[in-house]
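Everything below concerns the one structure shown next.
Rule-based calculations on the coordinates, nothing more; no lab input. What you see is a predicted model, and the numbers here were worked out from it, not measured in a lab. Cβ placement follows ideal geometry from the backbone for every residue including glycine, while neighbour counts extend to all protein chains displayed.
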Amino acid sequence: MVVAMMRNSQVLIDQQAIFSNIKNARENLEADSDLFVVLKADGYGHGAVQVAKIAQSAGATGFCVAMLDEAMELREAGIILPILVLGITDAQWAPVAADNNISLTISSSDWLKQAAEVLFVTKASTKLKIHVALDTGMGRIGFQTPQELAEALTTLKSLSKNIEFEGIFTHFATADEKKDDYFQQQYDKFNAFMEVVSDRPKYVHVANSATSLWHKICGGNMIRLGIAAYGLNPSQREITELPYDLKPALTLTSSLVHVKMVTKGTHIGYGATYEAQKDEWIGTVPMGYADGIARKLQGFDVLVNGHKCEIVGRVCMDQFMIRLDRKYDVGTSVVIIGKSGELQNTAEDIADYIGTINYEVICGLQPRIKRVYF
Ligand SMILES: *Cc1c(COP(=O)(O)O)cnc(C)c1O
């Protein structure tokens with residue numbers, strides 16, 4: 001995997017913005033609650049290890065990732081705070097998790113038995129910590145009924161020599177929406193589940209960013225702060241009132257590598273889909289869909305020197321072309337996400353244009369774009 005260090009296209013990360021988002025989330029929580037920052041997908045494209053370090057200094061008390069490899073990346077970088085893997089890990093890796101003090105999510109009693117077997121066979125020296133997932137309406141992972149949960153808790157008790165019941169959690173499907181009846185249903189189910197839990201584990205957690213911003217955290221004592229740590233609104237444009245300011249941390253910029261005047265009638269790009277309506281200045285930008293600049297962004301306005309400049313012709317794999325308002329020098333900055341003069345393009349603007357959500361826009365920015373921290 002190559003990171004393009006010699007190309008002038010970069011994701012700029014404002015470390016102060018991440019710090020302030022997490023600090024605000026921290027201050028919005030009860031003092032004895034834990035705050036785990038979600039670092040899956042390389043910290044939503046912001047760089048997991050760098051964000052982990054900022055988060056620690058801003059008061060995060062742990063981290064969540066999607067898979068064990070992501071947790072190992074953090075451990076190898078010297079991060080020692082608790083880490084929870086939110087997805088399901090194959091039971092064969094239980095010893096790796098135990099040895100590295102990484103907590104795993106479980107969704108079935110069979111998994112517990114398999115893991116206990118592997119831990120026994122490999123003579124793991126430390127206990128495996130697990131968090132029990134409850135499916136209260138997300139339909140993704142987790143136990144489905146309080147009876148199933150009760151069985152798993154019995155199994156857990158019998159395996160307590162090798163496995164520690166560290167946490168229990170659920171995930172809301174509609175916390176980012178104004179309508180809250182489905183949220184309420186899930187909350188009721190969660191409470192029914194909790195009735196069979198006689199010994200509450202160390203962590204009880206239900207809140208992603210949206211839940212922590214707009215709902216109670218339902219008797220939990222930890223939140224899993226993802227998108228809000230990066231300064232983006234989990235509700236896009238639906239709920240705009242926020243208990244604290246969210247500062248977007250990510251800017252995506254490039255610069256013109258080629259500028260030319262084309263005459264009226266000239267075609268641009270694959271398929272010759274764009275035809276100059278008059279003599280026009282056209283600039284070429286060295287990024288494309290292989291960087292996460294969606295091909296559907298044809299027609300979207302990027303920003304040059306405080307002016308909107310339309311992407312003309314199809315976005316190529318590594319380059320795209322824009323119509324300039326006048327001649328600019330090669331090397332002039334092009335802003336795809338971020339501010340230019342009085343104007344600003346947000347991740348939401350891009351998401352709206354291509355029919356997705358801000359999450360997918362930032363996670364889609366490929367590792368070959370260099371990350372620069374300031
Ligand atoms: C990704 C994820 C989060 C973080 O969600 P945000 O909306 O980014 O805050 C929290 N919990 C679980 C289980 C997740 O998968």
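Of all residues being part of a loop (DSSP other than H, G, I, E, B) and away from the ligand (no atom under 15 Å from the Cβ) in segment 34-60, which is surrounded by the fewest Cβ atoms within 10 Å (Cβ to Cβ)? Just the residue, please. Looking at the filtered set, the residue picked out is GLY59. Summed over segment 76-101, residues that are more than 16 Å from the ligand (Cβ to nearest atom) and closer than 22 Å to ILE223 by Cβ total 4.
For the subset of segment 169-220 comprising residues that are among the hydroxyl-bearing types (Ser, Thr, Tyr) and more than 21 Å from ILE22 (Cα to Cα), which member is surrounded by the most Cβ atoms within 10 Å (Cβ to Cβ)? Selected residue: THR170. Tell me, which residue of segment 243-286 that is part of a strand (DSSP E or B) and touching a His at 6+ places or on another chain (Cβ under 8 Å) is surrounded by the fewest Cβ atoms within 10 Å (Cβ to Cβ)? The selected residue is GLU275. Exactly one condition in (1) of a type outside the set (Asp, Glu); (2) surrounded by 18 or more Cβ atoms within 10 Å (Cβ to Cβ); (3) in contact with a Ser or Thr (Cβ under 7 Å, 6 or more places away or on another chain); (4) on the phi < 0 side of the Ramachandran plot is false for GLN298; which is it? Every condition holds for GLN298 apart from (3).
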